[in-house]
Amino acid sequence: MMRDSVISTIHRYRVVRLWEQEPAPFLANPTLLPLATLARTEEPQGLLAQVAEQVARIPNREQRQNISGCTEILAGLRFEKDLIRRFLREDMMRGSVIYQDILQQGAFKLIRSQLNWRLGEIEPALLERVRELSPEQLDNLAVALFNFSEIGDLADWLDQQQPRAGEVNLIVRQLKRRLGEVEPVLIERVRRLPIVQLEALAEALLDFSDVANLVDWLEQAQ
């Protein structure tokens, strides 16, 4: 009777300490710019300024915003927030998907605490519906919840948000039908649009011929 053989593997690795590395290789590659903020330097603020300058030179707006958001997160391990904001413009970071996700997660945690305080324990199904709200809808809920007196008020409010969700899904389908495959990051930007801009997009997309038209429209809408 043969037993199953056991295969062993050996892995070798080398620990790279960012704070011991020269910043030049990171500064030369746009995707590595966030790591450059942690590299070795005798003038940390000067290095942060260099990173910010390189980020600002990235021609693609979407890539620039995302790298800016990542840079802010890692730079926070070394620099004060006010200093980071001096070099990395907040408008660039706000366009970052990562930055938006952080904002949404933070807003959700705050809203959940407020709802639990006002209404008691919220059932998971309702919390999941709250989690799926856009940042704008979370802001609206933060105001509306002060008029809630029972769980039913929250459920009714969430039901009223469904027409927007239906309109978003309809526009996404129309975009894919007209333009073909659309990058998830662009779809997410569409989902975050307020209702007025969604209605404007529904009209504008009839004139779109490629994805670049959508990108241009979203940049003008910001």
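Out of the residues in region 181-222 that are over 15 Å from residue 62 (Cβ atoms) and open to solvent by less than 30 Å² (accessible area, probe 1.4 Å), state the one that is modelled with the lowest pLDDT. Among them, the one singled out is 193.
Table: residues versus (1) within 25 Å of residue 212 (Cβ to Cβ); (2) β-branched (Val, Ile, Thr).
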{"residue": "41", "(1), (2)": "no, yes"}
{"residue": "49", "(1), (2)": "no, no"}
{"residue": "62", "(1), (2)": "yes, no"}
{"residue": "68", "(1), (2)": "yes, no"}
{"residue": "78", "(1), (2)": "no, no"}
{"residue": "85", "(1), (2)": "no, no"}
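Of the listed requirements (1) touching a Lys or Arg at 6+ places or on another chain (Cβ under 7 Å); (2) of a type outside the set (Gly, Ala, Ser); (3) under 30 Å from residue 219 (Cβ atoms), residue 21 misses just one: (3). Being open to solvent by 30 Å² or more (accessible area, probe 1.4 Å), modelled with pLDDT of 85 or more and closer than 28 Å to residue 185 by Cα holds for only one residue in 71, 31, 41, 37, and it is 31. Just one of the listed residues (172, 168) is in a helix (DSSP H, G or I) and either touching a residue at least 60 places away in the same chain (Cβ under 8 Å) or surrounded by 17 or more Cβ atoms within 10 Å (Cβ to Cβ) (or both), namely 168.
Residue count for region 13-28 satisfying the condition of being open to solvent by 90 Å² or more (accessible area, probe 1.4 Å) and not in a loop (DSSP other than H, G, I, E, B): 2. Take residue 143 and decide whether it is within 21 Å of the chain's Cα centre (by Cα) and either assigned to a helix (DSSP H, G or I) or of a type outside the set (Lys, Arg) (or both). Criteria not met by residue 143.
Do the conditions hold for residue 128, that is, is it in contact (Cβ under 8 Å) with a residue 12 or more places away in the chain, closer than 25 Å to residue 107 by Cβ and part of a helix (DSSP H, G or I)?
Numbers: in contact (Cβ under 8 Å) with a residue 12 or more places away in the chain: no; closer than 25 Å to residue 107 by Cβ: yes; part of a helix (DSSP H, G or I): yes.
So residue 128 does not fit the description; no.
The values are calculated or read from the model by the stated rules, or taken from the named source; none is laboratory data. Just so we're clear, the structure is a prediction, and the values are computed from it rather than from any experiment. Neighbour counts run over all protein chains shown; Cβ positions are idealised from the backbone, glycine included. These accessible areas exclude ligands, DNA and RNA; they are computed on the full protein's heavy atoms, side chains included. Shrake-Rupley method; radii C 1.70, N 1.55, O 1.52, S 1.80 Å.
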